[in-house]
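The structure appears below as structure tokens.
The values are calculated or read from the model by the stated rules, or taken from the named source; none is laboratory data. Note that the structure is a prediction, hence the values are computed from the model and not measured. A quick note on method: Cβ atoms are made from the backbone with ideal geometry, for glycine too, and the neighbour counts reach across all protein chains shown. Quick note on the areas: whole protein, heavy atoms, side chains included, nothing else; ligands and nucleic acids left out. Shrake-Rupley method; radii C 1.70, N 1.55, O 1.52, S 1.80 Å.
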Amino acid sequence: KKYSVNNSGESIIVEKAVKTVRPFTVGAIVKNLKLDDEKIRELIQIQEKLHVSFGRNRKKVAIGIYPMENISMPITYTAKKPSEIVFRPLEAEREMNAKEMLSEHSAGREYGHLLDGCDVFPVFIDSEQRVLSVPPIINSDETGKITADTKEAFIEFSGHNLESLQKGLNMLVTCLADMGGSIYSMKIVDGTKKLITPDLNPEKMNLDVRYVNKRLGLELGDKEVKNLLERMGYGVDGKQVLVPAYRSDVIHMVDLIEDIAIAYGYENF
């Protein structure tokens, strides 16, 4: 499946201060959302499943989703002393600083250990200096709460490994596109480096049909292998397999062979 990505013209500015805590971020904007209570629950569940599994309980990857109508571009990703970050965390009754949040908010108590020993905490702020979130812990109630009125959403992934963040972003934005949204890219300005995200171009992997047959004990032809791969959502271009940008689990030819076996049917061996 091919997903189109439009240019939003918006940016995330990554400041040097955040490099000592959670150094990387990527982002996107999704427009034309048609959310209701059920879809919001689905979106929250997708986010939490990605946090727990792919994100290793937010240690590797943290995700933020924000209503565009409540924030002003561009976004800055920086780090500040916990006492200097003042906001009302999601579902909290009052404003507090990030140090208080660690003991007084349930998310702070659960995920605060991920910032143990840090003199500064990462923070996303908008152009009006409003706090969007303190990753990997909690969004702001003012700027980070999706509702049924949200038609456009800003999405960011932050963490320690840029490749993982890009792959995670691809997973979430394609889910939202499947729900009817339109994907828009953002420019990540990190010092002298500039990156456009998301990149939904498929990765290319070589495939040796003889090796496939040797591993599976079958005698599949090129056309049969192509049909089986396409049933599993891949594209095929000659001897190369086009791996969808949202697949993070395909790292070796044997992963392609596993999917060929699934499409063939285990019960048919």
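Some points to look at:
- Filtering segment 57-69 to residues that are farther than 28 Å from S127 by Cα and either under 13 Å from the mean Cα position of the chain (by Cα) or modelled with pLDDT under 95 (or both) leaves nothing.
- Applying a threshold of 6 Å to beta carbon distances and a minimum spacing of six or more residues, or different chains, the list of pairs starting in segment 240-265 at a residue that is farther than 24 Å from L176 by Cα and ending at one that is of a type in the set (G, A, S) is empty.
- Among the residues of segment 186-234, those identified as open to solvent by 30 Å² or more (accessible area, probe 1.4 Å), of a type outside the set (A, V, I, L, M, F, W, C), in a loop (DSSP other than H, G, I, E, B) and closer than 24 Å to Y246 by Cβ are D199, N201, P202.
- Among the conditions (1) closer than 29 Å to M186 by Cβ; (2) open to solvent by 30 Å² or more (accessible area, probe 1.4 Å); (3) of a type outside the set (G, A, S); (4) more than 23 Å from the chain's Cα centre (by Cα), the only one that I85 does not satisfy is (2).
- Across segment 235-260, the qualifying residues are those that are part of a helix (DSSP H, G or I) and touching a helix residue (DSSP H, G or I) at 6+ places or on another chain (Cβ under 6 Å), and the one among them that is surrounded by the fewest Cβ atoms within 10 Å (Cβ to Cβ) is I257.
- Taken together, the residues in segment 88-107 that are free of Cβ contacts under 8 Å to residues at least 40 places away in the same chain and either touching a His at 6+ places or on another chain (Cβ under 6 Å) or open to solvent by less than 40 Å² (accessible area, probe 1.4 Å) (or both) amount to 6.
- Yes/no for S72 being within 17 Å of F124 (Cβ to Cβ), open to solvent by 20 Å² or more (accessible area, probe 1.4 Å) and either of a type in the set (K, R) or not in a strand (DSSP E or B) (or both): yes
- Scanning segment 75-107 for residues that are part of a helix (DSSP H, G or I), touching a Lys or Arg at 6+ places or on another chain (Cβ under 9 Å) and of a type in the set (S, T, N, Q) yields S83, S103.
- Residue count, segment 21-39 (criterion: open to solvent by 20 Å² or more (accessible area, probe 1.4 Å) and hydroxyl-bearing (S, T, Y)): 0
- Restricting attention to segment 82-94, the residues that are farther than 14 Å from G144 by Cβ and touching a strand residue (DSSP E or B) at 6+ places or on another chain (Cβ under 8 Å) add up to 4.
- Close pairs from segment 24-52: first within 17 Å of M171 (Cα to Cα), partner open to solvent by 80 Å² or more (accessible area, probe 1.4 Å), Cβ under 8 Å, at least 6 apart: K31/K151; L33/K151; H51/N57
- Within segment 6-20, tally of residues that are crowded, with 19+ Cβ neighbours inside 10 Å and of a type in the set (A, V, I, L, M, F, W, C): 3
- Qualifying residue in segment 48-61 (condition: in contact with a strand residue (DSSP E or B) (Cβ under 8 Å, 6 or more places away or on another chain), more than 20 Å from N161 (Cα to Cα) and assigned to a helix (DSSP H, G or I)): no
- Residue count for segment 48-67, restricted to those that are buried (at least 19 other Cβ atoms within 10 Å of the Cβ) and of a type outside the set (V, I, T): 8.
- Residue that is in a helix (DSSP H, G or I) and at pLDDT 95 or above, where the choices are V26, V18: V18
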